[in-house]
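Quick note: the coordinates plus some simple rules give every number you see, no bench work behind them. Quick caveat: nothing in here was measured; it's all calculated off a predicted structure. Note that we place each Cβ from the backbone using ideal geometry, even for glycine, and neighbour counts take in every protein chain shown.
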């Protein structure tokens with residue numbers, strides 16, 4: 001198979017920006033607002049546009065990427081990255097979800113607060 005001799009269709013542009021606003025479980029955290037650059041979220045947009053047309057897309061996206069994703073029985077882990085040209089600007093690149101099997105949370109350091117934070121975070125609507 002020749003990589004240069006493939007039928008490459010242009011990827012359909014997604015006109016929405018996915019973002020999550022959340023607060024760490026640290027008392028003085030002022031909150032975070034991060035762009036979400038997950039390929040699966042973009043594919044969800046394309047799929048829902050075909051299934052529900054423009055009127056139902058945003059509702060279905062919110063249902064899938066907010067309501068379902070942060071259901072009480074889910075443990076969500078987000079993968080954060082940045083760009084070399086903007087090393088202090090972070091974005092969510094991907095997520096991993098599994099059913100809650102224990103009450104433990106992952107302890108990490110909050111990028112803004114520089115203090116340990118429990119990151120199953122409170123998501124702000």
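So for the range 1-74, what percent of the C-alpha to C-alpha distances run longer than 21 Å?
Numbers: 1219 of 2701 pairs.
When every Cα pair of the range 1-74 is considered, 45 percent fall beyond 21 Å.
What is the packing order of peptides 81-87, 14-20, taking the mean over residues of other C-beta atoms within 10 Å and listing the highest first? Could the numbers behind the result be given before it?
Working: 81-87: 8.6, 14-20: 13.3.
Packing proxy ranking, top to bottom: 14-20, 81-87.
Along Cα→Cβ, 7 Å out, is where each label goes; now give me the distance between the ones at residue 93 and residue 40 in nm to one decimal.
1.6 nm
Using r as the Cβ-Cβ distance of residue 4 and residue 27, and R0 as 41 Å, what FRET efficiency do you calculate, to the nearest 0.05?
Working: r = 56 Å, r/R0 = 1.36.
Given R0 = 41 Å and the Cβ-Cβ separation, E is 0.15.
Along the Cα→Cβ direction, 7 angstrom out, place labels at residue 86 and residue 16. What is the inter-label distance in nm?
Output for this residue pair reads 2.1 nm.
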